[in-house]
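The values are calculated or read from the model by the stated rules, or taken from the named source; none is laboratory data. Everything quoted here is computed from the prediction, not taken from an experiment. Positions of Cβ are backbone-derived with ideal geometry, glycine not excepted, and every protein chain shown enters the neighbour counts. Heavy atoms of the whole protein, side chains included, go into the accessibility calculation; ligands, DNA and RNA do not. Shrake-Rupley method; radii C 1.70, N 1.55, O 1.52, S 1.80 Å.
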Amino acid sequence: MAFSSRCDAARPAAPAALSAVSVVHTTLDDPLARPLLAELTHEFASRYGDISDLANHPAAEFTPPAGAFVLLLERGAAVAGGAYRRAGPETAELKRIWTHSAHRRRGLARRVLLILEQEAARHGYTRIALTTGPRQPEARGLYLATGYRALFDRAADPESIGLLPFEKDLPAPG
């Protein structure tokens, strides 16, 4: 498996679906990220009609040492990505977790989460926080399946809640 990120060094072999995927630490303004971010913007606009949250945080918040932005590339094109930024002294906030629509159901978002969690732990964060929209049941399912705690009443109608907050404690880097 070809990876360009040091956080993948001791990882077991991945399923064939991920075998050609490489990890790149970059910035939100990298031209490689444009198609992925454009699709994310379109998806938010179609689901919510409002994309203001996508512009609320300057790109500099997602750069080291307080943040990070990673892309998963396949054949040189971005297929998934995500970022974190500092939300508090020991808390990183995940943002922009996205998989290109043509590459979903391959475990790529899980891979992005794992990479960002490991990176955040290496930079001293002990907790991850995030929110997702009420019209993103696939994201809600992903976070619950990967050990995030819902900080809302899961029995309530998500539309009645608004943004759905989650958190996860990070293990100490090993």
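For region 112-174, what is the relative contact order in percent, using Cα pairs closer than 8 Å and at least 6 residues apart in sequence? Relative contact order of region 112-174: 46 percent. Here, P(r) means the percent of Cα pairs in each 10 Å bin from 0 to the largest distance; for region 87-138 it is 22, 47, 26, 4.
Find, among the GluC sites (Glu not before Pro) in region 76-174, those assigned to loop by DSSP (not H, G, I, E, B) with at most 14 other beta-carbon atoms within 10 angstrom.
Loop-located and lightly packed - Glu90.
The phi torsions of region 30-41, fed into the Karplus equation with coefficients 6.51, -1.76 and 1.60 and a -60° offset, translate into couplings of 5, x, 4, 7, 3, x, 5, 5, 5, 5, 4, 4 Hz, rounded to whole numbers, with Gly and Pro shown as x. Summed over the residues of region 17-174 and divided among them, the accessible surface reaches 48 Å² per residue at a probe radius of 1.4 Å. Computed packing ranks the peptides 62-75, 32-45 as 62-75, 32-45, most packed first, by mean other Cβ atoms within 10 Å. Taking all Cα-Cα distances within region 64-154, those exceeding 14 Å account for 64%. The fraction of accessible area contributed by carbon and sulfur in region 39-174 is 54 percent, rounded to a whole number (1.4 Å probe; ligands and nucleic acids excluded).
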